[in-house]
Each structure stands twice: as C-alpha cells, then as structure tokens.
Amino acid sequence: MFSLKSAYVKLSAIMLFVSFIVVSCKKLDQAPQDTAKRNDVFGNVTGLQLYANSFYEILPDAGAVVRGDAMADYAARTSVPDFLRPGAYGPRQSTDWVWTGLRNINFFIENCNNPKVALADRQHFIGLARFFRAWFYFDKLKRFGDVPWYSKTMKVDDPALYNPRDKRTLVVDSIIADLDYAGTYIKTTDNTRSLITKYTAYAFKSRVCLFEGTFRKYHDEYGLQASVNGLLTQAAEAAQKVMTEGGFSLNTAGGTDKSYRALFTGQAPVASEVILAAISDPALGVFNDSNWYWTSATYGDRLSLIRTFVNTYLNIDGTPFTDKPGYKTMPFVEEVKGRDMRLQQTIRMGNYSRLNGTTQQIAPPVFSYTYTGYQPIKLTQDDASMDGGKRNTNSVPIMRYAEVLLNYAEAKAELGTLTDADWNQTIGALRRRAGITGNTATKPVVVDQYLKNNYFPAISDASILEIRRERGIELAFEGFRFYDIVRWKRGELMDQTWNGFYVPALNVPMDLNGDGVLDVCFYTTLPAKENQVAGVTYVNVAPTLANGTANPQRLNSDNELTWLTTIARKWDNKFYLYPIPETDRLQNPKLGQNPGWEQ
C-alpha cells in the first residue's frame, strides 16, 4: 500500500507536495507557510504520503556516498584536508551546524493526529518521520557530540532555541527510541530499495548502537563504560532481527570474481543484499558522477588506496599476505595475484578492461588518476563515455546486508560472546563470497602481527582484529572509515604515510597487469626522447622538481611510491569531534565549544 514503485512516482509526489504545502525550513525558527488547509494534508493517507516523501531529502545522494571516504586513513588524495593540517581548521571553518529538515519532521509528528486516518496508518507515517529524525540526529552526534535535542516545532520566540546543548546520552537514547518506534510501526514493503522499511530501521539501529557502544568503550574519558554492554547488546539484537526476519542475503550471482562489485555498478539495486540505495534513473535524467569523480585528473580527489592497507587483503587461502617471504619487494603485477577477490573488484589490476567507444580495452592503473598505483574501480562503471560529467547510471548502496553482518559480528566480539557459528554466518560468509577458501568456519585464535602493529596495537583479541580487517575491506569507499576510526579511538591512523606500490628499478618500464605491454616508468632523470618507450607513462620521482620545489611524488627508503610526505598531517585528539561553528556560537553562547577548539 505504501510502496512507491519508481523514482518517477517519488519525484513527482515530492514536486506535487511542495506545490501543495511548504513546511520545510532554512532555519530552525522559521515559521511554516501553509498554502492549504491542514486537514487536506493530515486528514487522509494520500496527503500524509505526499508529505512524508519530503523526508527523503535528508538521505545522502549518490554523490555524497561516492565522496564519503574522501578523508580516510587508507586513501591518498590530491591534497591534505585542512582538517588534518595543524592550524588550518577551526570554528571559523567549521560547517554543518544546519537544522534544515528537522522542523519539517517535528511539524509532521505533532500534526499527524487526525482521527479520520486509521491509527495504524498514522503510526506508520509517524514511524517514518521518527526514522528520519534519528538519521538526522545521528549525523549531528557523530560530528559534534553533544547537540540540542528538539522534539517539537520551535517558534521564533521560543527561549529553548538558546538552550545549551543536550548531553550525548540523552541524544542517543532519543535516537534509539525513535528507531524502536519506527521498527515497530512502519508498514512499507519495497523491492526497489529506495524506500524505508522496518528492516531499514533495525539495520540503522545496529549501526547507531555499535557506533555509540564502541565509542563509549574506547573513549573512556567520557566515563560512560557502564552503558557499553547495553548498547552493544542492542546493536547485536537489531542486526539479528534483520538477519532472521528481513529476507536478505549476500549477493553471489556472477561468482566470487564479480558478485561483490556488481552491488555498485548496476542501474537497479541488487535487492537481495541492498537495503537502501540512492537510485539512478536515466529515463528521468537522474544520474551521478562516480566515473567523473574517480577517473578525472582535476575534478575529483584522485583517491588511491595506500599500500599499508592493501597489504591487509588476505591471500585466497585465508592466510595473511604479509606472511609471505619477500612481500615488501613484490612488484605490483605479482603482489595482487592470489588475493581476496575483492581486491580485483576494488582496484584496477590483472585483466580489468573498459569500453572505449566500441572497443573493450585492458585498463591498467593510470598515473594521471592515481598517486599510489592502487586505482579504485569499485563505484565506477566500465564505460569511458561516462568519465567526463554526471553520466553514471549505477545506483549506489546507502545501506546493505553485509554491513549488518559486520555490525553483528563486531558487537558480539566486543561483548565477548562471539561463537564459531556467529563467525561462520557473518565474517566467514563474507570471505567465502570473496573466494577465500580457508579459516572461514571458525573464529580465529592467532593474532596477525602486521594488522596489530600497523593498525590496532592495543587490541589482542584475534576476532576483533579480524573483524576490523574485514570491515575495512568490505566497506572500502562506502563512507564508513573515518567514523570507524573515531569510534575505535585510532585517529593516529590518519597520519599514515600515503605509500604506493614497490618500484624495483628506476628508468625501467613496468608492465602493471601482465599483458606484455609496458605501462609506466619511474625516473629521477628523464631519459632522452629517443630512449623513451612509446605508450609508456613517465613519472618523475626525483626529490626536487626542476623549479626547485619538493616533489610530492617520490620513493621512500623501501622503494615504495609516496605522495605528499612533505605536507604536515598531525592528529590531535580534539579532532574526534568537530568544532561548533563560530557564527552559531555568537548567536547562542550557551552552546559552548568542544574540547580543544576553544581558541
């Protein structure tokens, strides 16, 4: 009854509603402008449905998901984010203290009480509104910590507009209450994966409770450890509800070498695994710019995986790659062989090819797009005609079943109650989907020292370490990484060297994919033109450029490519929360400021 079957229906409904009644706002204290009688909206299911469609504007669009990991420890990029540069970011630069949409939601909840509409229908729509309120506030909580909780429509002269911020405990409890209500009363059924269902609410609850439970556990300065187990238990229970009742499963169509990336490249979401997606629809002119962002030398951030992270991808037999003798000096074409099949579905390697006009061409890493050699393909489509604008037709997952499995496994491991059966059903299943043949049925007992030393030195539980490995690989470039680092209190990972693949020798062209064609050559002194190989890209790695400035791309002492090592990045613990923007503090001094950002 409540399922909208196409993007056209949803978009047209929103447009119709906007012309029908405007209750959204630009500021929290903006008064609603009614253009129709309230009963015309709140007195029937059609009016409620039209109003509720406006809430979807709160969700991230495909572009926001694509850029979600633009600041992550495992990715080199064109420039160091100001947030990580000493003295470059502060309250004056801070953004996103924006409350657009919240008043719209609260106005709806307050007025969805007309007895002409059946109680079950009203509860359904209030459940939708409360889901979106929870989504809105979780974004604020992650970014700022304590925020004011507003659960009513604020008038211009309401003194509560100038209250201090509420404690994160109140905000989290309120978010969970909203999601519990949403999970209980939402009635939507949907195979398009563009609408919110009760299982979207439970999946999101598992995300919220895992975040907050682990945040409180590892940020002991808040003194909230007594509530950790309760939150982690709720995370596991919410995830389990999706696992046992939701009807979802991991996509395996196409085999271990295709089923993972297929989740991100098709126009229609893979309904078996995708729970919620940002939909593209060429018939309506709804596209995204994934290819442009990932395959442009100037438009995007030229994100590239770093070698330290690529080393965490297991061998296909389930053993650590870094246990291999000589792994540090393996050239790119060799180091990517025999690995977790998600690697070849995440970066350009091997026989990866793209459609260029009418010709399918092998496409090795291109050094005008990548700084490290590990060039991502996960969210792009293999058609070069999409590279130069907003032309992508792929729908991008916002939430999928794999995350739910990861949430369940991590919550259980942090509680100390993870069983072999749990491991087999979650991490084991994800690894089998990726072609890994060993160590998938039972939880690990041996700590991988590379993973521990380079990523999580304070963790000695092998299961937690492996779950964190799995989360990083499975959810790479889906927008989770920075806030995973935040909740694990591992901000120092943001200081990692942006390193690339091993270069065996200078002035010797390399074949990057084993097809017999030479692709790239690294030099400190450019060979004379007559000595250059046609079709090979020449990359300067001399410490100093001809103009006397430091070269941002060079080799380190291990002959790995590096990028921007001369630009300072220094993690400060104040970065675990963003500063309250200065302009908002001037309007309401009672907001205070987050620790470390006072000056």
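For the range 189-209, which residues satisfy the criterion of being modelled with pLDDT of 95 or more and touching a Phe, Trp or Tyr at 6+ places or on another chain (Cβ under 9 Å)?
194, 195, 196, 198, 199, 200, 201, 203, 204, 206, 207, 208
Determine if the range 470-484 includes at least one residue that is among the basic types (Lys, Arg), open to solvent by less than 50 Å² (accessible area, probe 1.4 Å) and out of contact with any Pro (no Cβ under 6 Å at 6 or more places or on another chain). Quick ask: steps written out before the conclusion?
Of the residues in the range 470-484, the ones among the basic types (Lys, Arg) are 471, 481.
Add one more test, that the residue is open to solvent by less than 50 Å² (accessible area, probe 1.4 Å), and what stays is 471, 481.
Then keep just the ones that are out of contact with any Pro (no Cβ under 6 Å at 6 or more places or on another chain); that gives 471, 481.
Yes, the conditions are met somewhere in the range 470-484.
Is the range 263-282 home to any residue that is surrounded by fewer than 24 Cβ atoms within 10 Å (Cβ to Cβ), farther than 26 Å from residue 376 by Cβ and of a type in the set (Gly, Ala, Ser)?
no
Is it true that residue 179 is open to solvent by less than 10 Å² (accessible area, probe 1.4 Å), within 22 Å of residue 480 (Cα to Cα), out of contact with any Asp or Glu (no Cβ under 8 Å at 6 or more places or on another chain) and in a loop (DSSP other than H, G, I, E, B)?
Working: open to solvent by less than 10 Å² (accessible area, probe 1.4 Å): yes; within 22 Å of residue 480 (Cα to Cα): yes; out of contact with any Asp or Glu (no Cβ under 8 Å at 6 or more places or on another chain): yes; in a loop (DSSP other than H, G, I, E, B): no.
The answer is no for residue 179.
Can you find a residue that is surrounded by fewer than 17 Cβ atoms within 10 Å (Cβ to Cβ), of a type in the set (A, V, I, L, M, F, W, C) and closer than 22 Å to residue 341 by Cα anywhere in the range 436-448?
Within the range 436-448 (the criterion being surrounded by fewer than 17 Cβ atoms within 10 Å (Cβ to Cβ), of a type in the set (A, V, I, L, M, F, W, C) and closer than 22 Å to residue 341 by Cα), the answer is yes, since at least one residue qualifies.
Looking at the range 283-308 only, could you name the residues that are of a type in the set (A, V, I, L, M) and open to solvent by 10 Å² or more (accessible area, probe 1.4 Å)?
283, 284, 286, 297
Please verify whether the range 37-58 includes one or more residues that are surrounded by 14 or more Cβ atoms within 10 Å (Cβ to Cβ), at pLDDT 95 or above, among the charged types (D, E, K, R) and under 27 Å from the mean Cα position of the chain (by Cα).
no
Which count do you get for residues in the range 532-544 that are open to solvent by 60 Å² or more (accessible area, probe 1.4 Å) and small (Gly, Ala, Ser)?
Number of matching residues: 2.
Residues checked against (1) more than 27 Å from residue 188 (Cβ to Cβ); (2) touching a Leu at 6+ places or on another chain (Cβ under 8 Å); (3) open to solvent by less than 10 Å² (accessible area, probe 1.4 Å):
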| site | (1), (2), (3) |
| --- | --- |
| 225 | yes, no, no |
| 232 | yes, yes, yes |
| 237 | no, no, no |
| 256 | yes, no, no |
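Here is a list of conditions, (1) surrounded by 20 or more Cβ atoms within 10 Å (Cβ to Cβ); (2) farther than 29 Å from residue 143 by Cα, and residue 524 meets all of them except one; can you say which number that is?
Exception for residue 524: condition (1).
I want to confirm something. Restricting to the range 545-593 and keeping residues that are in contact with a Leu (Cβ under 6 Å, 6 or more places away or on another chain) and not in a helix (DSSP H, G or I), which single residue is surrounded by the most Cβ atoms within 10 Å (Cβ to Cβ)? Give the steps one after another, and end with the answer.
Taking the range 545-593 first, the residues in contact with a Leu (Cβ under 6 Å, 6 or more places away or on another chain) are 551-552, 569, 580, 585.
Now restrict to residues that are not in a helix (DSSP H, G or I): 551-552, 569, 580.
Values: 551: 16, 552: 16, 569: 17, 580: 22.
This residue is 580.
Among the candidates 329, 370, 358, single out the residue that is without any contact (Cβ under 8 Å) to a residue 12 or more places away in the chain and over 27 Å from residue 440 (Cα atoms).
Details: 329 fails: without any contact (Cβ under 8 Å) to a residue 12 or more places away in the chain; 370 fails: without any contact (Cβ under 8 Å) to a residue 12 or more places away in the chain.
Going through 329, 370, 358 in turn, the sole match is 358.
Can you report the number of residues in the range 367-388 which are at pLDDT 95 or above, among the small types (Gly, Ala, Ser) and out of contact with any Lys or Arg (no Cβ under 8 Å at 6 or more places or on another chain)?
1
What number of residues within the range 223-274 satisfy the criterion of being in contact with a helix residue (DSSP H, G or I) (Cβ under 6 Å, 6 or more places away or on another chain) and among the aromatic types (Phe, Trp, Tyr)?
Counting residues in the range 223-274 that are in contact with a helix residue (DSSP H, G or I) (Cβ under 6 Å, 6 or more places away or on another chain) and among the aromatic types (Phe, Trp, Tyr) gives 1.
Looking at the range 309-400, what strands (runs of 3 or more DSSP E) fall wholly within it and have at least 2 residues that are open to solvent by less than 10 Å² (accessible area, probe 1.4 Å) and under 25 Å from residue 475 (Cβ atoms)?
Values: elements: 353-356, 359-362, 396-400.
Passing ranges, in order: 396-400.
Residue-wise test of (1) closer than 17 Å to residue 54 by Cα; (2) surrounded by 14 or more Cβ atoms within 10 Å (Cβ to Cβ).
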{"position": "87", "(1), (2)": "no, no"}
{"position": "91", "(1), (2)": "no, yes"}
{"position": "105", "(1), (2)": "yes, yes"}
{"position": "111", "(1), (2)": "yes, yes"}
{"position": "117", "(1), (2)": "no, yes"}
{"position": "120", "(1), (2)": "no, no"}
{"position": "125", "(1), (2)": "yes, yes"}
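Looking only at the range 295-308, filter to residues that are of a type outside the set (A, V, I, L, M, F, W, C) and not in a loop (DSSP other than H, G, I, E, B); which one of those is nearest to the chain's Cα centre (by Cα)?
First pass over the range 295-308, keeping only residues of a type outside the set (A, V, I, L, M, F, W, C): 295-296, 298-302, 304, 307-308.
Okay, now just the ones that are also not in a loop (DSSP other than H, G, I, E, B), so 304, 307-308.
Details: 304: 15, 307: 20, 308: 20 Å.
Looking at residues that are of a type outside the set (A, V, I, L, M, F, W, C) and not in a loop (DSSP other than H, G, I, E, B), I get 304.
When the residues of the range 159-176 are filtered to those that are of a type outside the set (A, V, I, L, M) and farther than 16 Å from residue 591 by Cα, which remaining residue is least open to solvent (accessible area, probe 1.4 Å)?
From the range 159-176, those of a type outside the set (A, V, I, L, M) are 159, 162-169, 173-174; that's our starting set.
Keeping just the survivors that are farther than 16 Å from residue 591 by Cα gives 169, 173-174.
Values: 169: 49, 173: 96, 174: 24 Å².
It comes out as 174.
Pairs under 7 Å by beta carbon, first residue in contact (Cβ under 8 Å) with a residue 60 or more places away in the chain in the range 586-599, partner open to solvent by 100 Å² or more (accessible area, probe 1.4 Å) and assigned to a helix (DSSP H, G or I), six or more apart or different chains?
588/162; 590/162
Could you grab the pairs with beta carbons closer than 7 Å, sequence gap of 6+ or different chains, first residue in the range 540-558 and at negative phi, second one basic (Lys, Arg)?
541/554; 543/554; 558/328
The values are calculated or read from the model by the stated rules, or taken from the named source; none is laboratory data. Fair warning: this is a prediction, and the values are worked out from it, not measured in the lab. With ideal geometry, Cβ positions are generated from the backbone for all residues, glycine too; neighbour counts draw on all protein chains shown. These accessible areas exclude ligands, DNA and RNA; they are computed on the full protein's heavy atoms, side chains included. Shrake-Rupley method; radii C 1.70, N 1.55, O 1.52, S 1.80 Å.
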